[in-house]
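Before any comments, here is the structure.
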Amino acid sequence: MSPEVEVKNLSKVFGKRKVLDDISFELERGGFLSLFGPNGAGKTTLIKIISTLIAPSSGEVRLSGMDPTKNSAAIRAKIGLISHSPLLYLDLSAEENLHFYGAMYGVENVDARIDELLDQVELGHRRYDLVRTFSKGMTQRLAIARALLHKPSVLFLDEPHTGLDPHAVDILESLIDSIRKNHTFIMITHNIDRGISLCSKAMILYNGQIVFYQDKNELDIDKFKSIYHQRVRGDS
Amino acid sequence: MKKAITILLGIGSVLLLTGIAYAFLVAPIAVDPNTGKEVFHQKILYFHVPVAETSLVSFILAAVFGALFLYKRERKYDFLSLAAVELGFMYGLLVEMTGMMWDKAAWGVWWQWEPRLTTYLILMLMYSGYFVMRSSIGEDSTKARFGAVYAIIAAVNVPLTFFAIRLIPSIHPILFDSSGAGLEGPLLVAFLVSMFGMTFFYVSLLLTRYQMFGVSEELDILKNQIGG
Amino acid sequence: MSGGRQIGAIVKKDIIAELRTKEMVVSMFLFVLLIMVAFHYGFGTTTDFSPFAGGLIWIAFLFTSLLGLNRSFVHEKDEGCLEGLLLSPVDRPNIFFGKMIGNFIFLTIVEIIAVPLYLVMLNLSIRGSVPMFILAIVLSNIGICVVGTLLSTISINTKMRDMLLPLIYLPISSPILICAVTSTNGIMGGVTGEKFAPVISAMKILAAYDIMFLLVAYALYDFVIGE
């Protein structure tokens, strides 16, 4: 079986700057990649390329065997993003937001799906309230529901723990746990403990290059920490 | 390429100068068919019209190169498109200046809201927006992408603007057709020679500007390497 | 038709949000009123505005439309919604059509209230055909919203953001201004016969403008909104 996410010799050049330099990795179905690195290392660019928002300068990317530069709409239908910004309209209610994205994704039986998700993220009682009135944690829970609405098979988590209260973290992690088996995850994070405990593979990007990449079952945590501290924190 | 540019520049300059010299020294002074008077200021036409037409061609080229950039994503097309907008803009300024001289000589005022010159005024404003837009974008790839899109939008707008402006009733009658139609004999020869000269001259400028972008990018890369 | 469903959802979302906040229509309406008062102060009480009625109306509407066009994408950019939208499998031109239709509705609502007010308060009248007058407004509105939506997508993605829009939108919309003024002036003045010909030409150019830029937007929107 071919891997769910496949990246081969990927480079991205912005003007004169190399944002990504010869990146290669594979992620099997059900895998969980934790992506570490300082700001500006190219983490977000990498995710944007895999999710078809940015075209690569050279190299190849495959998601479920599809090429983002050719089957962009089909790929976008298969991915979900939970980011540190909620991607929700503040002047719409929880339900209206989900209805809107349901239409964008062409979700069928959208009402039943919305009921199910709002129960899962424990927001059923606030479904008619405007997102503007939600706490940060509630907004983030709704953002999780939004990302799962169209049953994506690959989930991108861009610093999902940022600004979450403990309750929202619990919900996020139990949700991830419940869909862990048949989904593939790529998570950008600065939280080493969470990133390592969730992942099946860990990677550190620095200046657009992979400086650390190991499977979790053979993970050398001391080596990881020494590289992480050296590169990310700038310790010597 | 450098050699080609020099040759084009040489041919262009010689033809352009010949055309203008011919117009002044050999060709007779044009006569206004309405009044029967001699019109000396008509001679600016041998410069004004080639400049105006080259400017329009340049804006069309900018849109074509823009479309090529969007299609092929090769940086050279962005350079060419930008160079064409810059030159079109410079030529447009020359059109305005020589046009104003004509106004002054023919009607005694510097500015008339004459349809063609007004069209050029709007074009100048439109392409000023192009430069402002480019300079307010950080990333080169976005600059090129939006530049290409804008060059196409602006070029589509050129004929629409021209036809729209002709709806506004002119206060002054157009004394005689300044498009160059009706030129005969030696006048036509002078006009065509200038026209060809201007075309060669323009192409050499375009290629020079294009090369400059390439060189300055190389320079940036080298600077980056030295800077580490 | 999933395309229709997507466009409809975008329009519906913008209308619901606008009904709640009312910020766009209300501020556009107040702005149009303020311009009218400014005209009054600028030209004095005794001025007969009827010879250039079309000019007054369209200068006011064009600048008012800028207000709405600038707001239209700010909502999308806030909280990263535009990214959320781009990550969905929606066809890029559908985003354009959705946003454009929303802008068209808001501008038209403001004009429906503002035109009678202008007529009454500046002592103007429509001597010619009212349906023709409405047609001229609709044709101009389409052009304003097509080009405005396209260019505001560009400006919101630059560092100048809403500062840039007037600089690119006003020159590119100049054919609209010229034709809208020519046609409404002619219709309001009740011209007939030979003098009516420019009104017809102006409306033809408006229609051509609308069609040309709808095609351009459809072809180029992919490049405007994403790589």
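The values are calculated or read from the model by the stated rules, or taken from the named source; none is laboratory data. As the structure is a prediction and not an experimental result, all values here were calculated from the model. Cβ atoms come from the backbone with ideal geometry, glycine included; neighbour counts cover every protein chain shown. These accessible areas exclude ligands, DNA and RNA; they are computed on the full protein's heavy atoms, side chains included. Shrake-Rupley method; radii C 1.70, N 1.55, O 1.52, S 1.80 Å.
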Specify which of the listed residues (C:LEU124, C:LEU107, C:LEU67, C:LEU56) is touching a Phe, Trp or Tyr at 6+ places or on another chain (Cβ under 9 Å), open to solvent by 50 Å² or more (accessible area, probe 1.4 Å) and either outside any helix (DSSP H, G or I) or farther than 30 Å from A:GLY80 by Cβ (or both). C:LEU67
Looking only at segment A:92-101, which residues are open to solvent by less than 20 Å² (accessible area, probe 1.4 Å), facing another protein chain (nearest Cβ under 8 Å) and either within 13 Å of the chain's Cα centre (by Cα) or in contact (Cβ under 8 Å) with a residue 12 or more places away in the chain (or both)? A:LEU92, A:TYR101
On the basis of being without any contact (Cβ under 8 Å) to a residue 60 or more places away in the chain, open to solvent by less than 30 Å² (accessible area, probe 1.4 Å) and out of contact with any helix residue (DSSP H, G or I) (no Cβ under 9 Å at 6 or more places or on another chain), does C:GLY80 make the cut? yes
Pull out all pairs, ordered by first then second residue, where Cβ-Cβ is under 7 Å, the residues are six or more apart or on different chains, the first lies in segment B:39-66 and is basic (Lys, Arg), and the second is open to solvent by less than 20 Å² (accessible area, probe 1.4 Å). B:LYS43/B:ALA23
With the condition being closer than 16 Å to A:LEU81 by Cβ and in contact (Cβ under 8 Å) with a residue 12 or more places away in the chain, I'd like the strands (runs of 3 or more DSSP E) fully within segment A:139-236 carrying at least 3 qualifying residues. A:154-158, A:184-188
Within segment C:17-53, track down each residue that is at the interface with chain A (Cβ under 10 Å from one of its Cβ atoms) and touching a Phe, Trp or Tyr at 6+ places or on another chain (Cβ under 9 Å). C:ALA17, C:GLU18
Selected residue (criterion: farthest from the other protein chains (Cβ to nearest Cβ)) from residues of segment A:61-78 that are surrounded by fewer than 16 Cβ atoms within 10 Å (Cβ to Cβ) and within 15 Å of A:GLU4 (Cβ to Cβ): A:GLY65
Criterion (under 14 Å from C:PRO171 (Cβ atoms) and among the aliphatic types (A, V, I, L, M)) met by exactly one of B:LEU125, B:LEU82: B:LEU125
Filtering segment A:1-50 down to residues that are of a type outside the set (S, T, N, Q), assigned to a loop (DSSP other than H, G, I, E, B) and over 18 Å from the mean Cα position of the chain (by Cα) yields A:MET1, A:GLY15, A:LYS16
Filter segment A:106-138 down to the residues that are buried (at least 22 other Cβ atoms within 10 Å of the Cβ) and within 12 Å of chain C (Cβ to nearest Cβ) and list them by number. none
On the given criteria, is B:TYR127 away from chain A (no Cβ under 14 Å), open to solvent by less than 10 Å² (accessible area, probe 1.4 Å) and within 20 Å of the chain's Cα centre (by Cα)? yes
Would you check which residues across segment C:172-193 are within 13 Å of chain B (Cβ to nearest Cβ), of a type outside the set (Gly, Ala, Ser) and under 14 Å from C:ALA53 (Cα atoms) and list them? C:LEU177, C:ILE178, C:CYS179, C:VAL181, C:THR182, C:THR184, C:ASN185, C:VAL191
How about segment B:25-61: which of its residues are part of a helix (DSSP H, G or I), among the hydrophobic types (A, V, I, L, M, F, W, C) and surrounded by 13 or more Cβ atoms within 10 Å (Cβ to Cβ)? B:ILE44, B:LEU45, B:PHE47, B:VAL49, B:VAL51, B:ALA52, B:LEU56, B:VAL57, B:PHE59, B:ILE60, B:LEU61
Report yes if some residue within segment B:71-78 is more than 28 Å from C:ALA208 (Cα to Cα), crowded, with 21+ Cβ neighbours inside 10 Å and not β-branched (Val, Ile, Thr); otherwise report no. yes
Take A:LEU53 and decide whether it is in a strand (DSSP E or B) and either free of Cβ contacts under 8 Å to residues at least 24 places away in the same chain or buried (at least 16 other Cβ atoms within 10 Å of the Cβ) (or both). no
Return the residue satisfying two criteria in turn: it lies in segment B:137-166 and is farther than 21 Å from B:VAL64 by Cα and surrounded by fewer than 18 Cβ atoms within 10 Å (Cβ to Cβ), and of such residues it is modelled with the lowest pLDDT. B:GLU139
